[in-house]
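Colleague: The structure is given below, and queries will be raised subsequently.
Laboratory data are not the source of any read-out in this text; all were calculated from the coordinates shown. Fair warning: this is a prediction, and the values are worked out from it, not measured in the lab. Cβ sites come from the backbone with ideal geometry, for glycine too, and all protein chains shown count toward neighbours.
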Amino acid sequence: MLDERIQNDLSVTELAHKEGDFYKLISTCGKVFELRYGYYEECDRQNPLCNPVVLYPDFLKEPVYTDCGEPFATMVQDACKCYRGETKRTLNTTCAECQYFQHCEDWIGICKCGLRQRKNE
C-alpha cells in the first residue's frame, strides 16, 4: 500500500511542469502571445509545495493594443477606473466583470472602452 502511494506521488511529480516550459500560443486580434509556465511571486518559486503556473502577459506593465488601438486585458486583471459592471467596483473586481471586456481566447480579451483606446497615428 505504501509503495503504491509513493509510486503515485512520483508519477504526479513527473507530470509537473517546469518553469519556462511551453504552454501554448494564443493568436487573437492580430497578435500572438506565447504562454509559458512560471511563477508570479518569488515566494512561490522558493516554496517546494508550489508548482509553476501558466503565466499570462501583464498588460498593465507592458500594454499591447489591437490594430484598432484597443488594449488587451486578462480576465483576472484588476478592473480600472473605467469599470462598468453589475456590482460596484472593489479592490477584488476584475476585468472579466466589466461590460467593456470582450473575451477573445483563454483568459485574454480586449477592453472596448473608448477612453482606454489608443489613437492610431
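Colleague: Once you place label points 7 Å from the Cα toward the Cβ at Cys50 and Thr94, how far apart are they in nm?
Modeller: Between Cys50 and Thr94, the simple spin-label model gives 1.8 nm.
Colleague: Oh, and also: Considering segment 48-95, what Rg and Dmax in Å follow from its alpha-carbon atoms?
Modeller: When restricted to Cα atoms, segment 48-95 yields Rg and Dmax of 13.7, 44 Å.
Colleague: Which entries in the list Lys18/Lys119; Lys18/Lys88; Lys31/Lys112; Lys24/Lys119 go over 28 Å, if you measure between the two C-alpha atoms of each?
Modeller: Lys18/Lys119; Lys18/Lys88; Lys24/Lys119
Colleague: Got a sec to turn the phi values of segment 67-73 into Karplus ³J(HN,Hα) couplings, 6.51 cos²θ - 1.76 cosθ + 1.60 with θ = phi - 60°, whole Hz, x for Gly and Pro?
Modeller: Karplus values, whole Hz, x for Gly and Pro: 5, 8, x, 7, x, 6, 8.
Colleague: How much net charge surrounds Pro63 when only the other residues with a Cβ under 10 Å from the Cβ of Pro63 are counted, with Lys and Arg +1 and Asp and Glu -1?
Modeller: Taking every other residue near Pro63 into account, the sum is +1.
Colleague: Considering every pair of different Cα atoms, what Kirkwood radius, in Å, is found for the chain?
Modeller: Value: 16.7 Å, from the Cα pair sum.
Colleague: Taking the Cα centre of the chain as origin, work out the dipole magnitude from +1 charges on Lys and Arg Cβ and -1 charges on Asp and Glu Cβ, in debye rounded to 20.
Modeller: Result for the chain is approximately 820 debye, rounded to the nearest 20.
Colleague: In addition: For segment 19-77, report the translational diffusion coefficient in µm²/s to the nearest whole number, using Stokes-Einstein at 37 °C, 0.692 mPa s, and a Kirkwood Rh over Cα pairs.
Modeller: Once the numbers are plugged in, D ends up at 255 µm²/s.
Colleague: Could you tell me the relative contact order of segment 78-121? Use alpha-carbon pairs under 8 Å, at least six residues apart, and round to a whole percent.
Modeller: About 29 percent, as a whole number.
Colleague: Quick one: compute the contact order of the chain, relative version, from alpha carbon pairs under 8 angstrom and 6+ residues apart, as a percent.
Modeller: For the chain, the relative contact order is 19 percent.
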